[in-house]
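None of the figures in this text is laboratory data; all of them are computed from the coordinates on show. Keep in mind the model is a prediction, meaning the values are calculated, not measured. Glycine gets a Cβ as well: all are built from the backbone with ideal geometry, and neighbour counts include every protein chain shown.
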Amino acid sequence: MGKQSIIFLGSKPIGYHCLDYLISQKEALALDIVGVLCHENQHFDAQFSLTQLAKQHQIPVLESLAEMPNVDFIYSVQYHQILKKEDIQKAGIIALNLHMAPLPEYRGCNQFSFALLDNKKEFGTTIHQLDPQIDHGDLLFEKRFPIPENCWIEQLYSLTYDASLLLFKESLKNIIYHNYTLTSQQSLVEERGSQLHYRKDIHEIKKIDLNWDQETIMRHIRATSMPGFEPPYTMIGDKKIYFSNQWH
């Protein structure tokens with residue numbers, strides 16, 4: 001079998017480290033990385049620039065989804081745009097997404113916050129096939145782990161980050177050699193449940209009502225106190241009073 005072609009779509013540190021690993025394995029797996037399409041997220045340090053990483057390895061940096069050529073694989077890790085059917089069909093073998101949450105339980109955004117609000121005891125990360133719906137395609141690989149008691153969002157993110165990078169590395173060879181089984185998410189919904197959250201949904205759950213019981217207030221604070229983003233708050237009259245997570 002000759003070289004197989006792949007396009008990588010990504011952002012954030014997890015995207016950077018997955019691309020870095022992909023580059024390190026391209027010779028061993030006979031891969032031709034024909035392009036990188038990325039979104040440089042302003043919340044993260046410039047050292048995690050996928051653009052710079054691609055340029056260091058002479059990999060073309062694409063400007064838009066429309067520029068993607070036909071390839072064997074499309075692999076998305078935290079890419080910010082939803083791919084349309086015509087984009088997905090450019091992958092002759094399979095188009096994949098690494099979703100940093102268990103599926104089908106938590107589709108969309110802010111999955112860490114909602115899992116903590118739901119008092120979940122388990123979380124995870126998933127590699128699934130892309131389809132035009134959000135985080136809806138068949139599952140290939142997943143990794144799950146217990147959520148520590150009184151967990152804060154920063155800790156849950158860190159645990160999921162580590163599990164996601166490990167899952168990417170452990171499964172890459174099997175993906176390239178077509179050694180996987182597809183499992184329909186619909187077949188798991190009854191057992192696992194399913195939610196879909198959008199980016200804007202985080203704003204509502206950051207608003208704390210001081211009439212709530214202490215446990216509920218603390219759960220909302222733990223679930224929404226992510227460094228680098230607006231903290232949870234309450235309204236006193238017309239003033240926003242923020243909660244600090246410095247004590248934890």
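Each of PHE48, PHE229, PHE168 has some number of other Cβ atoms within 10 Å of its Cβ, and from fewest to most they run PHE229, PHE48, PHE168. Taking amide hydrogens as placed 1.01 Å from N in the peptide plane, the amide H of LEU9 sits under 5 Å from those of LEU37, TYR75, SER76, VAL77, each at least 5 positions away in sequence or on another chain. Dividing the radius of gyration of the alpha carbons in the chain by their Kirkwood radius gives 1.00 for Rg/Rh.
Let me check I've understood the local charge: for HIS220, count other residues with C-beta under 14 angstrom from its C-beta, Lys and Arg +1, Asp and Glu -1. What total comes out? Overall, the nearby charge balance is -3.
For the chain, the share of DSSP beta bridges that are antiparallel, to the nearest 5, is 40%. By the count of other C-beta atoms within 10 Å, a proxy for reagent exposure, THR234, THR126 are ordered fewest to most as THR234, THR126. Using DSSP H assignments, which helices in the chain have an axial alpha-carbon span of 24 Å or above and a mean Kyte-Doolittle hydropathy of -0.5 or higher? Sorted by number, the helices that extend far enough and score high enough are 153-176. Under the shape rule built on the C-alpha gyration tensor, where the axes satisfy a ≥ b ≥ c, region 71-132 is prolate, since a/c reaches at least 1.5 and a/b is greater than b/c. Within 12 Å, Cβ to Cβ, of GLN129, how many net charges do the neighbouring residues add up to if Lys/Arg are +1 and Asp/Glu are -1? Taking every other residue near GLN129 into account, the sum is -3.
Loop-located GluC sites (Glu not before Pro) across region 91-158 with a Cβ neighbour count of 11 or fewer within 10 Å are GLU149, with loop assigned by DSSP. Ordering THR224, THR181, THR51, THR160 by the number of other Cβ atoms within 10 Å of each residue's own Cβ, fewest first, gives THR181, THR51, THR160, THR224.
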